[in-house]
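In what follows, a structure is listed as structure tokens, so that the remarks can point back to it.
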């Protein structure tokens, strides 16, 4: 169309015919604009949908991974992958694909018209293409590696910020703000340098493509001009050819941008894929054992020896005991003696060896994982509260619980009186990780959460350590009814908390050193009796 208009203009054309050419070119421009708009809406919408699906898949998979995985991966780094890397993948699937399609269409149309005008001139204009391919191969690999480095350093930076904010009380208590700022500046500098390295590489890549495109234009002007002078092509054909060649300039520039986007997206997807292909080491068996329907459950440990992943020494040695349904067994002992490890093996937070841990006579490894954990209500040693209301945190394991049931559970945990004094009562928001509550209040909220969940097994893992003796006695008094109708494992370092247990196990270096009732262990005059005397002395000193 353009070449005909130029040739007619050169020969002499009427204003009416020139107007028709203008209207036709205007119509072509409108059609091209509408096509690009539709393509953009379609492809960008698909990329957003894929991002949505991939984010859901990643989150759901993260929830299936086991404790050892989370111990070896920092939270901030995982958050970086779930946000920053996902955005890079979306850019690859959205704008990256869109501009790739646009580049292919424009290049194919332009080259097709160029060939129709002059195959010889088209050959000269495309001579720099091998250099373009070489440049794409050489720079693409380097951009990929450098962007992987950028993302890894951003993940470390995010992890540092997350840990610093989570531990702000400790940072301020030890006046470590300056040291933390210096560490942040170091991570930030490392991130900056890696980004500058990436920018330098990308900065050379884009101009190199523009240079090769300019070489093609130079050859066209030289060869095409001579062809026009000799009359082998018309002036209109030469002008049209240069316009089509100019249309190729954008694909050449876009090619560099697209390669950059794709290399970044592939590097980010590699980090996401590494998580998605990580199988959970703890999962339900192919054919789980039938879940028991009883309201109570018997727990049994048979000659259990357990070593944490990566540890050299076992945490537990030949541990055997039974907790009959509806009974309470207490575990006491010094820090690091293996008490909490015992409690973590029952719900398979860590996987015990086969044939060592049983619930209702069935190896816990043979249970359906969800069914197993549904029968266990834990109050862990490290209490975690969500940034929600007091009521929502207590009802976390029983989302459909009535307000009266929530309040009853709080009363059993001796928390109701404290909550009544909050500005909004049970609707008071507790802040991130329950930061607005004291340590004792957080522990009591965790106990109330465990009580509210109507599970036949109750695991209380040193969840009274942050309360005073009087509060402890009040909590235990409120829990005794629950502990009589459930099977309970109670871990505590206080003798006063375990004296009413049906059996007390004294742990030492991963072994059961003593076992029996409170009076029996005192008569034995061993480790338990020594611990009892030491705590009595502490209470007498505090009282005086």
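Evaluate segment 501-509: report whether one residue or more is in contact (Cβ under 8 Å) with a residue 60 or more places away in the chain, out of contact with any strand residue (DSSP E or B) (no Cβ under 7 Å at 6 or more places or on another chain) and assigned by TED's automatic domain parsing to the domain that holds residue 359.
Keep residues of segment 501-509 that are in contact (Cβ under 8 Å) with a residue 60 or more places away in the chain, which gives 501-509.
Checking which are out of contact with any strand residue (DSSP E or B) (no Cβ under 7 Å at 6 or more places or on another chain) leaves us with 509.
Checking the rest, the ones that are also assigned by TED's automatic domain parsing to the domain that holds residue 359 come to 509.
Yes; the residues of segment 501-509 include at least one that is in contact (Cβ under 8 Å) with a residue 60 or more places away in the chain, out of contact with any strand residue (DSSP E or B) (no Cβ under 7 Å at 6 or more places or on another chain) and assigned by TED's automatic domain parsing to the domain that holds residue 359.
So, in segment 373-397, how many residues would count as being within 25 Å of the chain's Cα centre (by Cα) and either assigned to a loop (DSSP other than H, G, I, E, B) or farther than 19 Å from residue 462 by Cα (or both)?
17
Please go through segment 477-494 and give me each residue that is more than 19 Å from residue 406 (Cα to Cα) and not in a helix (DSSP H, G or I), ordered by number.
487, 488, 489, 490, 491, 492, 493, 494, listed by residue number.
Residues 474, 448: which one is under 18 Å from residue 490 (Cα atoms), in contact with a helix residue (DSSP H, G or I) (Cβ under 7 Å, 6 or more places away or on another chain) and assigned to a helix (DSSP H, G or I)? Quick ask: steps written out before the conclusion?
On the way: 474 fails: in contact with a helix residue (DSSP H, G or I) (Cβ under 7 Å, 6 or more places away or on another chain).
The unique qualifying residue is 448.
Out of all the residues in segment 415-435, is one or more closer than 30 Å to residue 321 by Cβ, in the same structural domain as residue 476 (by TED's automatic domain parsing) and touching a helix residue (DSSP H, G or I) at 6+ places or on another chain (Cβ under 9 Å)?
So the first thing to find is which residues in segment 415-435 are closer than 30 Å to residue 321 by Cβ, and the list is none.
Scanning segment 415-435, I find no residue that is closer than 30 Å to residue 321 by Cβ, in the same structural domain as residue 476 (by TED's automatic domain parsing) and touching a helix residue (DSSP H, G or I) at 6+ places or on another chain (Cβ under 9 Å), so the answer is no.
Evaluate the following for residue 489: is it at pLDDT below 80 and at negative phi? Break it down into steps so the answer makes sense when it comes.
Details: at pLDDT below 80: no; at negative phi: yes.
No; evaluated as a whole, the condition is false for this residue.
Among residues belonging to segment 105-128 that are over 24 Å from residue 228 (Cβ atoms) and without any contact (Cβ under 8 Å) to a residue 12 or more places away in the chain, point out the one that is surrounded by the most Cβ atoms within 10 Å (Cβ to Cβ).
Of everything passing the filter in segment 105-128, 105 is surrounded by the most Cβ atoms within 10 Å (Cβ to Cβ).
Between residues in segment 22-34 that are modelled with pLDDT under 75 and residues that are assigned to a helix (DSSP H, G or I), which pairs lie under 9 Å by C-beta distance while being six or more apart or on different chains?
Taking only residues 6 or more apart or on different chains, the pairs are 22/5; 24/5; 25/2; 25/5.
Condition check ((1) assigned to a loop (DSSP other than H, G, I, E, B); (2) out of contact with any helix residue (DSSP H, G or I) (no Cβ under 9 Å at 6 or more places or on another chain); (3) at pLDDT below 85; (4) surrounded by 15 or more Cβ atoms within 10 Å (Cβ to Cβ)) across all residues:
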{"position": "271", "(1), (2), (3), (4)": "no, no, no, yes"}
{"position": "275", "(1), (2), (3), (4)": "no, no, no, yes"}
{"position": "284", "(1), (2), (3), (4)": "yes, no, yes, yes"}
{"position": "291", "(1), (2), (3), (4)": "yes, no, yes, yes"}
{"position": "294", "(1), (2), (3), (4)": "yes, yes, yes, no"}
{"position": "314", "(1), (2), (3), (4)": "yes, yes, no, yes"}
{"position": "318", "(1), (2), (3), (4)": "no, yes, no, no"}
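For segment 320-337, give me each residue that is assigned to a loop (DSSP other than H, G, I, E, B) and either in contact (Cβ under 8 Å) with a residue 24 or more places away in the chain or surrounded by 15 or more Cβ atoms within 10 Å (Cβ to Cβ) (or both). Walk me through it before giving the result.
Taking segment 320-337 and keeping what is assigned to a loop (DSSP other than H, G, I, E, B), we get 324-327, 334-337.
Scanning segment 320-337 gives 324, 325, 326, 327, 334, 335, 337.
Quick check, is residue 188 closer than 30 Å to residue 70 by Cα, assigned to a helix (DSSP H, G or I) and not assigned by TED's automatic domain parsing to the domain that holds residue 431?
Yes: the conditions hold for residue 188.
Pick from segment 406-434 the residues that are part of a loop (DSSP other than H, G, I, E, B) and in contact (Cβ under 8 Å) with a residue 60 or more places away in the chain: which of them is surrounded by the fewest Cβ atoms within 10 Å (Cβ to Cβ)?
Step one: list which residues in segment 406-434 are part of a loop (DSSP other than H, G, I, E, B), which gives 413-415, 421-424, 428, 430-431.
Narrowing the set further to residues that are in contact (Cβ under 8 Å) with a residue 60 or more places away in the chain leaves 413-414.
On the way: 413: 28, 414: 24.
Selected residue: 414.
Counting only residues that are touching a residue at least 12 places away in the same chain (Cβ under 8 Å) and part of a helix (DSSP H, G or I), which one in segment 510-544 is farthest from residue 317 (Cα to Cα)?
Of the residues in segment 510-544, the ones touching a residue at least 12 places away in the same chain (Cβ under 8 Å) are 510-518, 521, 526-528, 531-532, 535, 539.
Then drop every residue that is not part of a helix (DSSP H, G or I), which leaves 518, 521, 527-528, 531-532, 535, 539.
Details: 518: 24, 521: 21, 527: 18, 528: 19, 531: 22, 532: 25, 535: 27, 539: 33 Å.
The extreme case among them is 539.
Kindly check whether there is at least one residue in segment 351-370 that is in the same structural domain as residue 461 (by TED's automatic domain parsing), out of contact with any helix residue (DSSP H, G or I) (no Cβ under 6 Å at 6 or more places or on another chain), under 30 Å from residue 431 (Cβ atoms) and not in a strand (DSSP E or B).
no
Please return the ranges of helices (runs of 4 or more DSSP H) entirely within segment 54-171 where 2 or more residues are farther than 30 Å from residue 210 by Cβ and either at pLDDT 85 or above or touching a helix residue (DSSP H, G or I) at 6+ places or on another chain (Cβ under 9 Å) (or both). Walk me through how you get there before you give the answer.
Numbers: elements: 67-72, 75-80, 86-91, 97-117, 119-125, 129-166.
In segment 54-171, 67-72, 75-80, 129-166 are the helices (runs of 4 or more DSSP H) which contain 2 or more residues that are farther than 30 Å from residue 210 by Cβ and either at pLDDT 85 or above or touching a helix residue (DSSP H, G or I) at 6+ places or on another chain (Cβ under 9 Å) (or both).
For the subset of segment 500-530 comprising residues that are in contact with a helix residue (DSSP H, G or I) (Cβ under 6 Å, 6 or more places away or on another chain) and crowded, with 17+ Cβ neighbours inside 10 Å, which member is farthest from residue 307 (Cα to Cα)?
In this case the residue turns out to be 521.
The values are calculated or read from the model by the stated rules, or taken from the named source; none is laboratory data. This one's a predicted model, so the numbers in the text were calculated from it and none came from an experiment. Ideal geometry is used to build each Cβ from the backbone, glycine not excepted, and the neighbour counts take in all protein chains shown.
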